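The values are calculated or read from the model by the stated rules, or taken from the named source; none is laboratory data. In this text the structure is predicted, and so the values were computed from the model without any measurement. Here Cβ is always computed from backbone atoms with ideal geometry, including for glycine, and neighbour counts include all displayed protein chains.
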Amino acid sequence: MIRSLLAFAILLCVTCYCQAGIIRGRITNERGEALPFATLFIKGTTQGTTTNADGQYHLELPDGAYTVVCQYIGYRKTEKSVTLAGTLQLDFQLQPVSMQIREVIVKGNGEDPAYAIIRQAIKKRPFYQQQVQEFTCNTYIKGMFKLRNVPERFLGQKVDKQDIGVDSTGRGIVFLSESLTKLSVKRPDKVKLQVLSSRQSGGGFGFSFPAYINFYDNNVSAVITQFSPRGYISPIADNALAYYKYHLEGVFTEDGYTVNKIQVIPKRKFEPLFSGYIFITDDNWRIHSANLLLTRDYQLELMDTLQIRQTHVPVDSAVWRMKDQLITISLKQFGFDMIGNFVNVYSNYDIHPNFPPKYFNNVLMKYDTAFNDKKIAYWDSIRPVPLEKEEVKDFHEKDSAAQARRDSAVSAHHLDSLRKHQPPVKLQQFFWGGVKHNYYFRRDSALPYHQLAMRPLLTQLEYNTVEGLVLSVEPSLTLDLPKDQELKIAPFLRYGFSNTHLNGYTEITWDQESRLNHRYGSNTWKAAGGKRVSQFNKQEPIDPLTNEVYTLLLKENYMKLYENWFGSFSFRRNFESNAAVDVGFLYEDRIPLENTTDFVVFKNSSKAFLPNHPYELADVPFVRHQALIMNLNFSFQPGQRYIELPDRKVAIGAKYPRFEVGYTKGIHGWAGSDVDYDKWNAQVSDNMNFKLFGELRYRLAAGGFLNSKEVGIPDYTHFNGNQTFYNIRYLNSFQLAPYYKYSNIASFYTTLNLEHHFNGLLTNKIPLLNRLKWNLVAGANAFYINSDNNYVEVFAGLENIFKLIRVDVIAGYQSKDATRIGVRAGFGGLLGGALFRRR
């Protein structure tokens, strides 16, 4: 669990680095102190390197004469001409830049001269943003995260420091990777990455996507979009003067250019803004370098600080590009104290690549065949940023340990050890925590295992008015089969102590990875049969825990059940494009059920339990009958983009909406089936990010019955209602609607779920809410069948409460009913929305 949390924290902070580069040396200041991540390059080229945290560098070059340029923000650029023949020690001691305040005419209003410079830079911003229409470069990326402290316990569990990879004091590197990537870009939005090599300490892919942060953009994506969906306002954005104050700290001359050091000061807290310094050259008004900071006061989430330092250098007489970029991250959460950095070193720019037709396609990132099979000598030859001592140690120890594990994984001794040293099953695990036992065996070079498991009994306890107290037993056997296949056999036993019914069935699932027309995909075959209890609405609008709380404490029984002997068979094909097709057959012998108990914890004579038959459908009979049903569904998202691995492509999403269509047939007469109907459904859904103005999410659906001769209540079109205080089906429910009041067999219906997440807009101006980072969310849910049967509800609420919770206030309007007002709570926000979102 701790490993997962650390991986999650690291993924929140993803950013990257790049370069190429051997002359050895160290860069220090006038006091002999190391200058970490200083920039070095060969004059007239973008070939160069970056120092490590100790100020050390090395640069590999053919023998010859060179002029080496060294620069560091706040220090005077220094050049040294050398003739390389073998190994050369070349140290630099940089002097602080001599800042001068130019004589300026201060306006009558006392405006700082920085404003005139920033206005010129804003005016020139579109030119530099579009100056280079296409380019390629190489990017070296090194990322490292280390812990400085860990708590003794987390969520009641003792933290295993050795398992995390830190020492007894809670210190150590927990993530380290490096990679070399070729970046190809064509405006306005074409990007292609070729991962030439990549490795992670201890094994893994590492990070290979360079964080190309462009301050010429109005809106800057400085961290992972999911966790900063509004982006951040550039200090030279078109509207920057409305958000920032500026102060000219001084000027200095470099290579004939006058460079202005301008302090960037946010005007208001709780806006997505940077602070720090940006360096702008006179006359051409381009970015020379930048040293900017994000903090929690300016809508940075989870992290405490994120610092971005960039250096720009000439590619030719007119074009400057980013030479290197350092992103430094710190965070303290739940007792974990973590720091990290990502170094990107960019080299070998080609601003006239003349890409051939169809060079850019739907593959965003492609990994070379042997990207993760490079030897140490290779990395030593291409690495532009020398590893620090602790990084060398981390790579050596973790790579050696990983290799030892791989070598021993299939040995007889290792297998015997795994078999004999599994922890014994404890009695309390049957009731809480669950039981698992692995059966290891050897298959060539892999180490698969079968697993026998059982879910804990106490978590399977339920209560409802039909069955009373319910105990379920859910064991499972998972078999690891050859050729990336898995077979799972899962029996389900369920006993109701009030109605004394024993229900049981078995579900068999066979998953297999397969190729179709040389394209990767997966197939899932599923068969099940036996006797079970089902909700009339197969989407299960109320979960068992919520139902038992309302039943036992409030005397409100919302879950409506029927019993059925059934047999089912389905097939699902997931395509490489993330499209999916489903085909399924279901046979049910449906048996009505009645309430058998009225036990509650708190007696309330003013309330009575409702019958198990949905009261909203009281005029629709439900008697024992049989149903044979066929389902067909297809879903797809056009414009899908991919990461291409050596053996497959992995879909990573598209900018277009996702579409789904389905058809259901109630087959009459076969196997005694009483139902006879045809119905269809279709839907489109999408998330649309408007950056500073928030994120819009919607789901638009339509459907209806083409034929409704014989339709049982389970076959009706059901809209997911909600009569409890709790809801998480935000884009597939009506928060105040009764569960079955609007169930229908209409020939046509349409629904709309729409919500806008302001992500800090508006609430960042409200005291307390802006400090807590509670964000506004608003929207509407509606359906329409005809003029007499329609419903609309509008809502507004707050989300990101403790990063997890969302609370809405809703008003519901129905053509023939009084207006409903209600409050609903669920999961929403940074963590809640990511972990608990359901459609």
Discussion item. When you scan region 590-603, do you find a residue that is of a type outside the set (Val, Ile, Thr), buried (at least 16 other Cβ atoms within 10 Å of the Cβ) and in a strand (DSSP E or B), even just one?
Written reply: yes
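If you go through region 479-495, how many residues are charged (D, E, K, R) and either outside the structural domain of Pro544 (by TED's automatic domain parsing) or at pLDDT below 95 (or both)? Lay out the reasoning, then the answer.
Filtering region 479-495 for residues charged (D, E, K, R) gives 480, 483-484, 486, 488, 494.
So of that shortlist, the ones also either outside the structural domain of Pro544 (by TED's automatic domain parsing) or at pLDDT below 95 (or both) come out as 480, 483-484, 486.
Final tally of qualifying residues: 4.
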Here the residues within region 334-356 that are surrounded by fewer than 14 Cβ atoms within 10 Å (Cβ to Cβ) and among the polar types (S, T, N, Q) are Asn354
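Can you go through Gln723, Gln683 and tell me which one is buried (at least 19 other Cβ atoms within 10 Å of the Cβ), in the same structural domain as Asn564 (by TED's automatic domain parsing) and not small (Gly, Ala, Ser)?
On inspection, the qualifying residue turns out to be Gln683.
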Asn759 passes all but one of the listed conditions (1) modelled with pLDDT under 95; (2) out of contact with any Pro (no Cβ under 9 Å at 6 or more places or on another chain); the exception is number (2)
If we take region 201-298, then strands (runs of 3 or more DSSP E) inside it with 2 or more residues that are surrounded by 15 or more Cβ atoms within 10 Å (Cβ to Cβ), over 34 Å from the mean Cα position of the chain (by Cα) and of a type in the set (Phe, Trp, Tyr) are 244-254
Across region 136-154, the tally of residues that are within 16 Å of Glu388 (Cβ to Cβ) and either out of contact with any strand residue (DSSP E or B) (no Cβ under 7 Å at 6 or more places or on another chain) or surrounded by fewer than 22 Cβ atoms within 10 Å (Cβ to Cβ) (or both) stands at 3
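Look through Ser534, Ser498, Ser522 and report the one residue that is touching a Gly at 6+ places or on another chain (Cβ under 6 Å) and assigned by TED's automatic domain parsing to the domain that holds Phe585. Talk me through it step by step, then tell me what you get.
Values: Ser534 fails: touching a Gly at 6+ places or on another chain (Cβ under 6 Å); Ser522 fails: touching a Gly at 6+ places or on another chain (Cβ under 6 Å).
Within the list Ser534, Ser498, Ser522, the selection yields Ser498.
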Discussion item. Scan region 749-757 and tell me whether some residue there is in a strand (DSSP E or B) and more than 22 Å from Gly822 (Cα to Cα).
Written reply: yes
Cβ pairs under 8 Å, 6+ apart or interchain, first in region 157-176 and closer than 16 Å to Ile339 by Cβ and assigned by TED's automatic domain parsing to the domain that holds Glu390, second of a type in the set (Phe, Trp, Tyr) and surrounded by 20 or more Cβ atoms within 10 Å (Cβ to Cβ), ordered by first then second residue, are Ile173/Phe145; Val174/Phe145; Phe175/Phe145; Leu176/Phe145; Leu176/Phe395
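Is it the case, given these coordinates, that Val809 is surrounded by fewer than 18 Cβ atoms within 10 Å (Cβ to Cβ) and β-branched (Val, Ile, Thr)?
Working: surrounded by fewer than 18 Cβ atoms within 10 Å (Cβ to Cβ): yes; β-branched (Val, Ile, Thr): yes.
It is true that Val809 is surrounded by fewer than 18 Cβ atoms within 10 Å (Cβ to Cβ) and β-branched (Val, Ile, Thr).
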The residue from Thr181, Thr169 that alone is of a type in the set (S, T, N, Q) and more than 23 Å from the chain's Cα centre (by Cα) is Thr169
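The rows are residues; the columns are (1) modelled with pLDDT of 90 or more; (2) within 26 Å of Asn291 (Cα to Cα); (3) assigned to a strand (DSSP E or B).
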{"residue": "Ala53", "(1), (2), (3)": "no, yes, no"}
{"residue": "Pro62", "(1), (2), (3)": "no, no, no"}
{"residue": "Glu79", "(1), (2), (3)": "yes, yes, yes"}
{"residue": "Ser98", "(1), (2), (3)": "no, yes, no"}
{"residue": "Lys124", "(1), (2), (3)": "yes, yes, no"}
{"residue": "Ile141", "(1), (2), (3)": "yes, yes, yes"}
{"residue": "Leu147", "(1), (2), (3)": "yes, yes, yes"}
{"residue": "Pro151", "(1), (2), (3)": "no, no, no"}
Subset of region 497-522, residues assigned to a strand (DSSP E or B), modelled with pLDDT under 95 and polar (S, T, N, Q), comes to Gln512, Ser514, Ser522
By residue number, the members of region 614-630 that are closer than 18 Å to Tyr550 by Cβ and either touching a Ser or Thr at 6+ places or on another chain (Cβ under 8 Å) or part of a loop (DSSP other than H, G, I, E, B) (or both) are Pro614, Glu616
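Condition check ((1) closer than 25 Å to Leu183 by Cα; (2) among the hydroxyl-bearing types (Ser, Thr, Tyr)) across all residues:
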position: Ile27; (1), (2): no, no
position: Gly44; (1), (2): yes, no
position: Leu61; (1), (2): yes, no
position: Cys70; (1), (2): yes, no
position: Tyr75; (1), (2): no, yes
position: Lys80; (1), (2): no, no
Residue set Asn775, Asn770, Asn800, Asn764; condition at positive phi, under 25 Å from the mean Cα position of the chain (by Cα) and of a type in the set (S, T, N, Q); output residue Asn800
